[in-house]
Amino acid sequence: MTNSSIIRHAVWLACALTAAGQAGAADGAVQPYTPDYFTQFQAATAMDMVNRLPGFVFDGGNASRGVSGNVLINGKRPTSKTEALGDVLGRIPTAAVERIEVINGGAGGIDMQGYATVANLLLKQMDLVSMTTNASSYLMPDGSLAPSLDGNYSLKRGDKNINVTLGWSRSPDTGQGQGYRTTVYAGSAPAAEVRVAGAGIADNKTIKLNYGQDLLDGQLSWNGAYNPWTYHSLASYDAATRSLNSNDNAGHTLEQGLAYTRDLAHGASLDLKALYRSSGIDADSGFVSGGNSGHSVTTSSASEQVLGGQLSWQALDGVVIRGGIERAVTTNDSSVSNNPQAAAWVQEARVEGQLSSAWQVDNTLSAEAGVKVSHASLANSAEQADAKAYVYPKPRLRLALSPTPALQLRLRMEREISQLNFGDAAAYFGMADKSLRAGYPDVVPAKTWLCEGAVEYRFWERGTAMLSYTQSHVSDVIDRMQIRTPNAVYDVAGNIGDASADSVTGMLNLPTDSWALPQGLLKLSTTWRSSSVTDPATLETRRLSGEQPLGWRIEFSQDLPSQRTAWGFSVDNGWSNDSWQTAERDTSSGSGWARAFVNYRPASNMMLTLELNNLASRVITYDRTHYAGNDRLANVVDFVEHNITRTQPFAMLRLRKDW
């Protein structure tokens, strides 16, 4: 689909929104919820409260990729990239929460960062001391245990606050199990079958420290985290001869972040942030098969440095203007003990400026428009001359209209720029024979123009129905591509052309009070996806690699305050997707996942949780169709490999105590 057709569809939808706005007026842009509302749900933490917000679906984002979640704390997003948003909220007791505001469409000048709805958690200005301990353990079918223990201490006195978290955990690799691998060859060779059994265990330690205080008429906060970890796995392959594969990995992450916020004169405010993050991994892998053995060690390190600032100004009543700049330098370095040519060093330097404005037109209509301009360069140790700089503008427009208190219509138009995979970039630029890619352009980020329209309707007290449609046009899609020479075919990452994509998402939150299930909530959600791109090897039309055509999830939960209990279950359809390489087509799938839980409060400051996970014993399959000559263009199948693994159900028992 062309850019002009996307814009035309957006204009039609905008006209429809404007016309619908004449139907009426109501203040549905900001919905406040006080702690009293959550008493019926026995909420103990801010995370419990967020999960009970009517019609709100929590999204923790991806902090390591710079994608913030949809929950703010006092109007700000946490700066840490090592701590999940859900863990931050889980440390805040309900006693510290003054109220939670559910904000739709940028009302109040909030920076939505791409979300249609965000929750703003407002904390009380009060002295507070709290301490929480959690003890838990995995319970596996063979009787083995994997215990964990963590504790959190929080102190707030006047303008100063400190938070300390210590944790240790062991967790089994629940994606491994027993299965087999069958290989069927195109020729007369008999099929080969191998029985496979694998297991793995991870060990994590965590130290986190957060400190904040007032400084120079503003608020200064510092966060630090250190996380050493190990992972060990062993897999056996039983055929004519027995083979063993082992992995002994160890690594760590270290982070320090600094943020400063200050209100200035005439409705202006200043936000500054600085972040340094580093990580290292030593991956020791080995194999033994018959009389043969092998061993290699891959060492990799990464670092990220971020400096940024943003100035916000309440220009008029209901109008907020923002401007800011951010510089980020990310470096990745890796080497393999027995393959010096596999060493790679990649560094991305990015400077991004942004200017935006949020306008609360009235109680029914809000708008946000802005543009980000990103200047990025990618340098590689293999050949510094390969480093090139690119400038990408990223405009965006968002409209939200509430013609009635129960109904909201939303429109979003935006240009998104993908982040290059460092492994792909290193492999492409670091080819031993530079002449192989002499006739091919450098790999560049994918650019996406998208237009999204959504309708949301709220009913009863906690009921919500939402339907959204997203149409996207992607240029410079990144996927595997072939480089052909007279003697060989090479498989590399590269830009394979343009693509179109469509998705439809539906969500229904249905209270069950009228079904003799008081305080119950049934959640249904589904997403359908379709895309089209030209395959670089066969020149035929196919889906985008990694796209799941259909996903759905069913959840139910019920609070029973008089019994001091809550219970629930969830079921989803797993996943299934295809990916294409020059020499093969791969299909990965996992059957549905079923989970059930029970929470019981023997005391007001104590909660015991039992979780039953993977009740349907998920089956994971991975199929490879390999083509002769390492080239799918000839369409001659060399062999087909079928891998299947049946995972085990497991339980988790957790005890939380608030002091």
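Quick look at the values:
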| quantity | calculated |
| --- | --- |
| The listed residue being among the small types (Gly, Ala, Ser) and within 30 Å of residue 256 (Cβ to Cβ), out of 221, 188 | 221 |
| In the stretch 414-457, residue surrounded by the most Cβ atoms within 10 Å (Cβ to Cβ) [restricted to those that are at pLDDT 85 or above, under 22 Å from the mean Cα position of the chain (by Cα) and in a loop (DSSP other than H, G, I, E, B)] | 446 |
| Residue list for the stretch 581-614, restricted to those being over 15 Å from residue 643 (Cβ atoms), of a type in the set (Ser, Thr, Tyr) and assigned to a loop (DSSP other than H, G, I, E, B) | 582, 604 |
| Hits in the stretch 274-295 (condition: assigned to a strand (DSSP E or B) and loosely packed, with under 14 Cβ neighbours inside 10 Å) | 292, 293, 294, 295 |
| Residue list for the stretch 133-178, filter: touching a strand residue (DSSP E or B) at 6+ places or on another chain (Cβ under 8 Å), loosely packed, with under 14 Cβ neighbours inside 10 Å and acidic (Asp, Glu) | 159 |
| Within the stretch 521-580, tally of residues that are touching a residue at least 24 places away in the same chain (Cβ under 8 Å), part of a strand (DSSP E or B) and of a type in the set (Asp, Glu) | 3 |
| Matching option when the condition is of a type in the set (Gly, Ala, Ser), at pLDDT below 85 and more than 29 Å from the chain's Cα centre (by Cα), among 14, 29 | 14 |
| Residues being surrounded by fewer than 17 Cβ atoms within 10 Å (Cβ to Cβ) and either at pLDDT 95 or above or not small (Gly, Ala, Ser) (or both) - total across the stretch 304-325 | 10 |
| Check on residue 218, within 30 Å of residue 292 (Cβ to Cβ) and either in contact with an Asp or Glu (Cβ under 8 Å, 6 or more places away or on another chain) or loosely packed, with under 15 Cβ neighbours inside 10 Å (or both) | no |
| Qualifying position, being touching a residue at least 60 places away in the same chain (Cβ under 8 Å), surrounded by 17 or more Cβ atoms within 10 Å (Cβ to Cβ) and in contact with an Asp or Glu (Cβ under 9 Å, 6 or more places away or on another chain), among 628, 594, 583 | 583 |
| The stretch 541-573, subset at pLDDT 95 or above and among the acidic types (Asp, Glu), residue farthest from residue 598 (Cα to Cα) | 547 |
| Matching residues in the stretch 141-200 - criterion: being aliphatic (A, V, I, L, M) and farther than 29 Å from residue 620 by Cβ | 149, 155, 162, 164, 166 |
| Residue check, residue 624 in contact with a helix residue (DSSP H, G or I) (Cβ under 9 Å, 6 or more places away or on another chain), over 30 Å from residue 90 (Cα atoms) and assigned to a strand (DSSP E or B) | no |
| The stretch 621-643, subset touching a Lys or Arg at 6+ places or on another chain (Cβ under 8 Å) and among the β-branched types (Val, Ile, Thr), residue nearest to residue 187 (Cα to Cα) | 640 |
| Which listed residue, of 214, 271, is charged (D, E, K, R), touching a Ser or Thr at 6+ places or on another chain (Cβ under 8 Å) and assigned to a strand (DSSP E or B) | 271 |
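The values are calculated or read from the model by the stated rules, or taken from the named source; none is laboratory data. Only a predicted model underlies this, so the values are computations on that prediction, with no experimental measurement involved. Cβ sites come from the backbone with ideal geometry, for glycine too, and all protein chains shown count toward neighbours.
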